[in-house]
Amino acid sequence: MYIEDLIARVVDIARAEVRSGKISERQLARLTGLSQPHLHNSLNGVRTFSPKAAGKLMKALRVTVPDIIWRLPERDAWTPVPLLRGRVGPGAEAHFNSFDGFAPFPTAVVSGLVHPLAVRLAPDSVLPGAYQADDLVLLDQNPDLRRDPPPGWCWTTSVFGGQRVRFVRIQGNRLWAGHRQNQNQPEKWESISLRGQNILNVVRARLVWIGRKVEKAPGGSFGSPRAGD
């Protein structure tokens with residue numbers, strides 16, 4: 001892909017936004033600082049955008065280079081999600097403000113999430129049953145949900161001197177965290193004081209999706225029995 005291809009895709013995105021009524025040419029001209037006639041002619045193929053003008057258009061539309069690369073011309077099929085550096089789990093630390101590239105997710109999955117992130121899980125002997133070490137999980141940082149976590153979800157939490165995936169509930173100024181072994185025994189959940197703490201610094205994100213590598217089949221042709229079977 002070349003600069004010209006990126007610019008052409010930016011124009012396609014802008015044209016689609018205008019045609020759908022999400023933004024008008026006048027609004028887009030104001031946001032980019034370009035004249036409306038220049039913008040109109042460029043969107044209709046009469047003129048071309050310079051790289052500088054295309055950069056202004058990207059900022060106005062709030063799209064990034066990964067957005068453009070993973071977005072199909074016909075529809076928004078994929079959305080690039082920042083991949084956190086590090087992992088969540090014992091002996092590991094994910095840096096919520098430090099990224100190691102992007103991971104593509106179906107736009108239908110990401111739609112509606114607040115500042116979505118992706119991260120891999122470190123080994124943890126009491127991970128909730130749906131999760132395994134090395135899983136790639138999609139996170140939702142919705143602050144409203146984190147302030148009062150609904151039951152049944154798993155959350156990345158900054159507790160016990162590190163980050164863990166846990167079930168949580170809030171009671172007064174205390175957070176209670178449960179795991180695989182005591183999920184159905186809330187009286188055994190561990191308690192953490194929230195006094196003097198911002199709940200958003202403790203309950204970091206909600207887990208909403210799991211990606212898992214398929215293990216390689218054992219040696220032999222597909223369906224052939226292993227020794228001892």
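The values are calculated or read from the model by the stated rules, or taken from the named source; none is laboratory data. Because the structure is a prediction, the values reported are computed rather than measured. Here the Cβ positions follow ideal geometry from the backbone for every residue, glycine too, while neighbour counts run over all protein chains shown.
Taking residue 218 and the conditions (1) at pLDDT below 95; (2) touching a strand residue (DSSP E or B) at 6+ places or on another chain (Cβ under 9 Å); (3) over 27 Å from residue 78 (Cβ atoms); (4) not β-branched (Val, Ile, Thr), which numbered condition does it fall short on, given that it satisfies the others?
(2)
Taking residue 164 as the residue in question, decide whether it is touching a residue at least 60 places away in the same chain (Cβ under 8 Å), more than 22 Å from residue 129 (Cβ to Cβ) and in the same structural domain as residue 124 (by TED's automatic domain parsing).
Against the criterion (touching a residue at least 60 places away in the same chain (Cβ under 8 Å), more than 22 Å from residue 129 (Cβ to Cβ) and in the same structural domain as residue 124 (by TED's automatic domain parsing)), residue 164 does not qualify.
So the check is Cβ under 6 Å with 6+ separation or different chains; which pairs have a first residue in the stretch 117-132 that's over 11 Å from residue 164 (Cβ atoms) and a second one that's among the small types (Gly, Ala, Ser) and surrounded by fewer than 17 Cβ atoms within 10 Å (Cβ to Cβ)?
Cβ pairs passing all conditions: 123/133.
Take the residues in the stretch 83-114 that are touching a Pro at 6+ places or on another chain (Cβ under 8 Å) and crowded, with 19+ Cβ neighbours inside 10 Å; name whichever of them is nearest to residue 134 (Cα to Cα).
Checked the stretch 83-114; the qualifying residue nearest to residue 134 (Cα to Cα) is 89.
Of a type in the set (Asp, Glu) and in a strand (DSSP E or B): is that true of residue 100 in this structure?
Judged against the criteria, residue 100 is a match.
So is residue 109 β-branched (Val, Ile, Thr), modelled with pLDDT of 95 or more and under 17 Å from the mean Cα position of the chain (by Cα) or not?
It is false that residue 109 is β-branched (Val, Ile, Thr), modelled with pLDDT of 95 or more and under 17 Å from the mean Cα position of the chain (by Cα).
Which of (1) surrounded by fewer than 14 Cβ atoms within 10 Å (Cβ to Cβ); (2) touching a Pro at 6+ places or on another chain (Cβ under 7 Å) is the odd one out, the single condition residue 66 does not satisfy?
Residue 66 satisfies all of (1) surrounded by fewer than 14 Cβ atoms within 10 Å (Cβ to Cβ); (2) touching a Pro at 6+ places or on another chain (Cβ under 7 Å) except (1).
Could you pull out the residue among 55, 21, 33, 45 that is out of contact with any strand residue (DSSP E or B) (no Cβ under 6 Å at 6 or more places or on another chain), closer than 25 Å to residue 101 by Cβ and outside the structural domain of residue 101 (by TED's automatic domain parsing)?
55
Which condition number in (1) closer than 16 Å to residue 89 by Cβ; (2) assigned to a loop (DSSP other than H, G, I, E, B) is the one that residue 177 fails?
Checking residue 177 against (1) closer than 16 Å to residue 89 by Cβ; (2) assigned to a loop (DSSP other than H, G, I, E, B), the one that fails is (2).
Kindly evaluate residue 128 against the criterion of being under 22 Å from residue 199 (Cβ atoms) and over 11 Å from the mean Cα position of the chain (by Cα).
yes
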